[in-house]
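This report refers to the structure that appears directly beneath it.
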Amino acid sequence: MAQFSRLAVYHKISAHPMVPFFYHADLQVCKRVVEACYFGGVRVFEFTNGGDFAYENFGELVKWANVELPDLALGAGTVVDGATASLFIQLGANFIASPVVKDDMAKICNRRKIAWLPGAATPTEINYAEELGAEIVKIFPGFVPGPAFAAAVKGHFPLTSIMPTDGVEPTEESLTNWFKAGVVCVGIGSQLFPKEVLDKANYPAITEKVKDCFKIISLLKS
């Protein structure tokens, strides 16, 4: 069962507007990465459904995080259908993130009062996601339309809350471009967790990178 209501998840995203997303087959690596991000200030983390038995690792990760990192909202990403959403919700997902907009996922998340973060790439898809109850809509993949698209959408739909993913870099230039375009938060993946850092188990480097990102974001939103 989720530890946080969908409203609580949205408030956490607003207060800590960077959501890392990550998958690894090794549960211990997952724990150390989540912990490193948490120490850097992350309070919403997406574990992606990125490989065989990902749901098993997710279930164990949730049990661990609920004890060790009790104010972290851990959710599941790369979910593309209602059945998979139900599976992860049953394992304790605090939110479901998806690269697509599908009404079966929306119905399941809404019925269970779980935050739903669907991915969209056009104004029509964004509008449909909001009609289905999405409070925050991901721009996915973010690198295709870019910050200019986000700014244009906000210009026409000022009440829309946008979260770009797969196109945001943990750099001052990238973060500045996206937040000046009006996004509410950003999702960042592998660039927060370079292979060489993981190979060396240099988890403090992840913490420092996350802290640096939050410092930049804080200045941009002040």
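Rule-based calculations on the coordinates, nothing more; no lab input. Please read all numbers here as calculations on a predicted model, not as lab measurements. Here the Cβ is made from the backbone with ideal geometry for all residues, glycine too, and neighbour counts use every protein chain on show.
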| remark: Result row for the chain, helices from DSSP H with C-alpha axial extent 15 Å or more and mean Kyte hydropathy at least 0.5, is 27-40
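Under a Cβ-only charge scheme (Lys and Arg +1, Asp and Glu -1), can you give me the dipole magnitude of the range 21-143 about the Cα centre, in debye to the nearest 20?
Once rounded to the nearest 20, the dipole reads 200 debye.
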| note | Residue-normalised 222 nm signal for the chain, counting each DSSP H run of n ≥ 4 as -39,500 (n - 2.57), nearest 500 deg cm²/dmol, is -15000 deg cm²/dmol
| message | Taking R0 as 41 Å, what FRET efficiency do you get between Asn110 and Val67 from their Cβ-Cβ distance, rounded to the nearest 0.05? | response | 0.90
| query | At a Förster radius of 22 Å, what calculated FRET efficiency corresponds to the Cβ-Cβ distance of Asp26 and Glu208, to the nearest 0.05? | reply | 0.50
| field | Selection from Leu61, Val184, Thr84, by position along the positive dipole direction of the chain (Cβ) | value | Val184
| Contour minus end-to-end for Gln191 and Glu131, with contour as 0.36 nm per residue of separation and end-to-end as the Cα-Cα distance? | 18.3 nm
| field | Candidates Leu159, Leu87, Leu61, ranked by Gaussian network fluctuation over the chain, Cα under 10 Å, top entry | value | Leu159
| How far, in nm, would the chain grow between Val144 and Phe53 when pulled straight, counting 0.36 nm per residue and subtracting the alpha carbon separation? | 29.7 nm
| field | Using a Förster distance of 30 Å, the FRET efficiency for Ala151-Ser14 (Cβ separation, nearest 0.05) | value | 0.95
